[in-house]
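See below for the structure under consideration.
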Amino acid sequence: MEFVFLIPLLPLLGATVNGVIGSKLPKRAVGLIACLVMAAAFVVSICTFYKLMLLPATERSVVVSFFSWIASGSFSVDMAFLIDPLSALMILIVTGVGFLIHVYSTGYMHDDKAYWRYMCYLNLFVFFMLMLVLGSNYLVMFLGWEGVGLCSYLLIGFWYEKKSASDAGKKAFVVNRIGDFGFILGLFLLYWSLSDLGAGSLDYKTVFENIHNIDPAILTIIGLLLFVGAAGKSAQVPLYVWLPDAMEGPTPVSALIHAATMVTAGVYMVARNNALYSLIPHVGNIIASVGIFTALFAATMGLVQNDIKKVLAYSTVSQLGYMFAAVGVGAYGAGVFHLMTHAFFKGLMFLGSGSVIHAMGGEQDMRRMGGLHSHMKITSVTFIIGALAIAGMPPFSGFWSKDEILWEAFEKGHFVIWAVGLLTAGMTAFYMFRQVFMTFTGECRADDHTKHHLHESPSSMTIPLIILAILSAVGGIIGIPLFEEGTAAHQFLNPVFSHGEQELHSEAVHGGLELIMMGVSVAVGLTGIFLASLLYYAPMKKYAPSFWRPEAIASSFKGLHRLLFNKYYIDEIYDYLVVNPIKRFCDWCLSFDLGVIDWFVNFAAWATRLTAWASHKFDIYIVDGLVNSMSTLVTYNSSIWRRLQTGYLQNYALVFVVGVLIIIVRVLLG
Amino acid sequence: MIENALGIPILSILILIPLLGAGALFFFPSGQKEAIRSTAFGVALFNFVISLILLFYFDSSTYKMQFVEKAAWIPGIGVEYFLGMDGISLLLVLLTTFTSAIAILASWSAIDERVKEYMIHLMILEAGMIGVFVALDMILFFVFWEIGLIPMFFLIGVWGGPRKLYANIKFFLYTLFGSVFMLVGILALYYAHGSATGEYTFNLLKLYEVAYPYNLQWWVFLTFFLGFAIKVPVFPFHTWLPDAHVEAPTAGSVILAAVLLKMGTYGFVRFNLPLLADASRAFTPFILVLAVIGIVYGAFLAMAQKDIKKLVAYSSVSHLGAVMAGLFALNQQGIDGGVLQMINHGVSTGGLFLVIGMIYERRHTRLISDFGGIARVMPVYSALVLIIVFSSIGLPGTNGFVGEILILMGLFKTSVTAAVFAATGVILGAAYMLWMTQRVIFGKITRRENLVLKDINAREVLVLLPIIGLILWIGIYPKHFLSLSAASTARIAEIVERNAPKVERAPHAAEAARHAEPHETVHAEAHGGTH
């Protein structure tokens, strides 16, 4: 356990080395470094897993603390990891599938000029993903949570010269941030509620021990806020819109980030919080409803897509919906089990589609494919294994996990969820085999140049395909309900979910009803495949009735087809309702700032200047005018009296004589 | 009177070194530009090293003022030359000396005219800024506050852009306008303290000791608010900032954003909160509203900008709104977050202005639409820009996250509504920053001029590396920074927090005050050196 810090640190090391000097290294070295650190992290993960298994089941929860990360007053968070069955399983998936995808990438991305940058981002992603699942408190989880979002942003926009790619990256980040907004408010509410109880902490252990003391109304809000975060990260309605666009990234990225690992973080988070959600089953119902609605909604869009990766993208959204349906109804083990099998088969199918795209010289439109089986047998066979798994065909892995979700929903009385899940399963089988038939069977519809270059991918790409195909085929073993106490997966995960599931697996009723249910879901899956084959598989087409042809369906359901094909116009609606109003509001703010607030400032300045000018005038004309008029008055007066002082002696003598005469006359008369 | 472990007036030395540097530069012949630059950088670097020495002698376990120096200045009216620092001051002094050195390095090739005068102004500015953060006499504080204005006035006025005259006068007069009110407030406190205790003094620690009547607090708070809010700037006093930033030379913008704005928030945390605790509580709703409007409104404005520098300027309004919200959460998480975010904003936004300066030097335009696709020709530059951008939007693992989370956490406790609105800044911040990044760095190169852009050189990398280092350091191990100021922030939180016991220890002067007005509460604040 003491070496657990190596698990995330190794990929970080790889990312640092490749990020700093990767551009100077030969491609071989870059690829080798990236893959080696992943292999090493995988080995350490296996050791950790093994060591955990050696402990008694009740003690399989080890916290390894490294240092105090953020501390302020009573608030303190450690940089610490929690190793328990859930995180141990997750690190195995992340490093294992991650390693395979790194190897695959050395082949797929070999000709890219920014190969080193790609490997750096990919390693960095794995680092953050491991932090997310290993963190022993919400804040370390959030560190990983945002970090994987960052890498997702960087990798979706990896070919940044394409505007659509950098647009998609930005969209992914911003939509995820909307989710994070909820997540972080949920954390604050959780922390302060616990703090009021004298147990303020964000450590899982303390939180889960005290959580039942929080007022259920507050818990409901916390649960919903955290789920907003999960819905953003795991692309649930209404925040799923970024995931289909995320297909702009290189295909191995879609496999690793947008299928196998990052997008399942929301499911992991809800499962991790089972102690919280088991206290508020009504929020669980909301989660399950959102999940199953997303599953159906995305599946309908998947029915009509022609882009090989878009089909897989909608299918991913749909399968994530399944996982939320599972954790929502309290079937945490089933949800995490499906998370694992999905990582195998969806990772496989994305890599397979990458192999196809590689062979087709970048072509992604399935209408220009066809007949590829004869050119690339390994890709074709492995892809079909993946399709069988996701379609829920026994004994492939997807069958066990999907069936467990449906069974648990049924058993717990969520019949609507069960029914919608079953319908979605049929649709999934349909569109997946539509994809298989369009891509690998029939006539090749590509142009001659492309046809000429068709080839199987190099072994660096096919070997990961084969390994993932094996895992997709047999990975369900741990979920086969053979054991007394339920499945191996449950047995292993149970200590983590003891809060949420205790009442469920004590009885272990795996009777005839469950077998009948299995039969029903297999039948539904087979129906989907059969319907797809009538439409798209050449040898079967002749049996199809006239109304069951692609053109006939498209023409008789024109409006619906257009609605689905345009993805319900959701992006347009969001643009109209959210994005454009915000842009307009920004412009309005700008004119308000310049026209009102700054106008006041400038007005104040102008008013001051006006006052100054007026004062100036006042000073000149009134104040100084008064002073000046005084002097003018004096001058004027003096100018009058001045006339008396002529300076001539005769004048003075004359005045004198006249004066004397007047006095004399006055005296003589008086 | 010098009280510290070093036995030397280290704070005065910190202020004197740049002044002496400025004096020395005065004797350089104007033509020797390289020598002038090197000397200036050497002086700034030396001062930074000196400020680092403080770290070794600083006792972070106490909120009390350390490295105290005191000398009579104008004894007749109780004005002293009184310096000292606590953890908050220390962080800001370090930020100042760090930013000053970086700013000089960043001006190396951008400023080629009147280099000597430019560097002299930068040095005087540094002295003024340090003075603001260590002055403990209110008149001294006011003097430093005003001193800082003058070199900045010249930096924008002489080396600024085309509308520098307008921007400069706006910046200068607006700040001056606010500071006049502040001076009135200072005098009001002076007389209130004098009439309560019989001792007329501007000594801040003594002013702390008296609990002022609520009415007086209210009015003084208002005057201080005007002085500091304009400087921060708090909405709606922010319009001088974009203009000043756009016209200022790169180093001016860096210092303006990194340090000068912090003088405002520092004022709030040093004076308003502990001196006027009752009024602070009363004003909290008002300030939170303005702060939250600033966060959201600044972000929307940033989104609407066409000029990169204006965008970052408005983002400062948003970020400083967050700092204010944190400080006025009136609890330790919020104040810790606010103080740390002052540093973070200095590092990140300072960094953003640096990278904008670098691209401006190459293209002589800052319009977003003039760029696009420069990641292809300037990969190193683009990578570093991305890191700074992510720090600015508060991605975990970078400094911005730690500050933001503490602010929001503290704010959530005080007002859920304010926290919810403030947290939308998290979304909007990502939106405008990434949109800008996308339009500037990503995409195809659409202009021929951009095809021949040269990637950043060694000196420019050297300028940015410390910034990147700090971003990651604070992000991964914030404790080194938080623990420096923790004692002070805890103390301030204790004073302003609701229901906190207000009577602590009462020295004689305050004792007398309490006897004179028994219904009033007393905050005791001892002063002295390290122990």
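Things worth noting here:
- Table column - 3J(HN,Hα) (Hz), region B:473-485, Karplus curve with 6.51, -1.76, 1.60, x for Gly and Pro: 4, 5, x, 8, 10, x, 4, 3, 8, 4, 6, 4, 9
- The label point for A:ASN285 and the one for A:ILE640, both projected 7 Å from the Cα toward the Cβ, are 10.6 nm apart.
- Extension gain, A:LYS24 back to A:GLU161 (0.36 nm per residue minus Cα-Cα distance, nm): 47.1 nm
- Whole-angstrom Cα spans of region A:558-630 along principal axes, big to small: 98, 15, 9
- Shielded residues, region B:432-449 - accessible-area loss of 30 Å² or more between chain alone and all protein chains, probe 1.4 Å: B:LEU434, B:TRP435, B:GLN438, B:PHE442, B:GLY443, B:LYS444
- Only DSSP H runs of four or more residues enter the estimate; each adds -39500 (n - 2.57), and after division by the residues of chain B the mean residue ellipticity at 222 nm equals -23500 deg cm²/dmol.
- Distance between modelled label sites at A:VAL578 and A:PHE66, nm, 7 Å Cα→Cβ extension: 3.4 nm
- Accessible area buried at the A-B interface, both sides summed, 1.4 Å probe (Å², nearest 100): 4800 Å²
- Across peptide A:144-150, the mean count of Cβ atoms from other chains lying within 10 Å of each residue's own Cβ comes to 4.
- Spin-label zone in region A:75-104 - amide nitrogen under 14 Å from a point set 7 Å from the Cα of A:MET1 along the C-beta vector: A:80-88
- Efficiency of FRET from Cβ geometry, A:SER74 and A:ASP624, R₀ 51 Å, rounded to 0.05: 0.15
- Close amide H pairs (under 5 Å, H built 1.01 Å from N) link A:ARG445 with A:MET369, A:GLY370, residues at least 5 positions away or on another chain.
- Rounded to the nearest 20, the size of the Cβ-charge dipole of region B:283-497 about its Cα centre is 780 debye, with Lys and Arg at +1 and Asp and Glu at -1.
- Net lengthening on full extension, A:SER460/A:ALA57 (0.36 nm per residue, minus Cα-Cα): 141.2 nm
- Minimum 50 Å² accessible area buried by the other protein chains, region A:177-204 residues, probe 1.4 Å, relative to alone: A:ARG177, A:PHE181, A:LEU185, A:PHE188, A:TRP192
- Taken over the protein assembly as shown, the convex hull of the Cα atoms encloses 254 Å³ per residue.
- Estimated at 0.36 nm per residue, the fully extended path between B:ASP455 and B:TYR191 surpasses their Cα-Cα distance by 89.1 nm.
- Region B:120-175, accessible area per residue, ligands and nucleic acids excluded (1.4 Å, Å²): 28 Å²
- Helical content of chain A, expressed as a calculated mean residue ellipticity at 222 nm, amounts to -23000 deg cm²/dmol (DSSP H runs of 4 or more residues, -39,500 (n - 2.57) each, divided by residue number, nearest 500).
- Inter-site label distance for B:SER30 and A:ALA605 at 7 Å from Cα along Cβ, in nm: 2.8 nm
- For region B:58-206, the calculated P(r) over all alpha carbon pairs, in 5 Å bins from 0 to the bin holding the longest distance, is 2, 9, 14, 17, 18, 15, 11, 8, 4, 2, 1, 0 percent.
- Amide H contacts under 5 Å for A:VAL237: A:THR294, restricted to partners 5 or more places along the chain or on a different chain, H placed in the peptide plane at 1.01 Å from N.
- Computed from Cα positions, the angle between helix B:164-197 and the longest principal axis of chain B comes to roughly 10 degrees.
- Treating r as the C-beta distance of A:ILE516 and A:LYS205 and R0 as 45 Å, the FRET efficiency rounds to 0.60.
- For residues of B:378-391, the mean tally of beta carbons on other chains within 10 Å: 1
- Looking at region B:16-60, the chymotrypsin sites (Phe, Trp or Tyr not before Pro) that sit in a DSSP loop and have at most 16 other Cβ atoms within 10 Å of their own Cβ are B:PHE27.
- Within the accessible area of the protein assembly as shown (1.4 Å probe), percent carbon and sulfur: 69 percent
- Think of a 1.4 Å ball rolled over the protein heavy atoms: region A:1-159 then has 33 Å² of accessible area per residue.
- Lysine pairs with alpha-carbon atoms under 23 Å apart, region B:283-497, spacing 8 or more or separate chains: 5
- Nonlocal amide H pairs with A:SER68, under 5 Å, H built at 1.01 Å: A:MET79
- Accessible surface, region B:283-497, averaged per residue in Å² (probe 1.4 Å): 27 Å²
- Summarised as an ellipsoid, chain A has semi-axes of 76, 32, 26 Å, derived from the eigenvalues of the Cα gyration tensor scaled by 5 and square-rooted, with the largest first.
The values are calculated or read from the model by the stated rules, or taken from the named source; none is laboratory data. Here the structure is a predicted model, which means the values were calculated and not measured. Backbone-built Cβ (ideal geometry, glycine too); neighbour counts: all protein chains shown. Quick note on the areas: whole protein, heavy atoms, side chains included, nothing else; ligands and nucleic acids left out. Shrake-Rupley method; radii C 1.70, N 1.55, O 1.52, S 1.80 Å.
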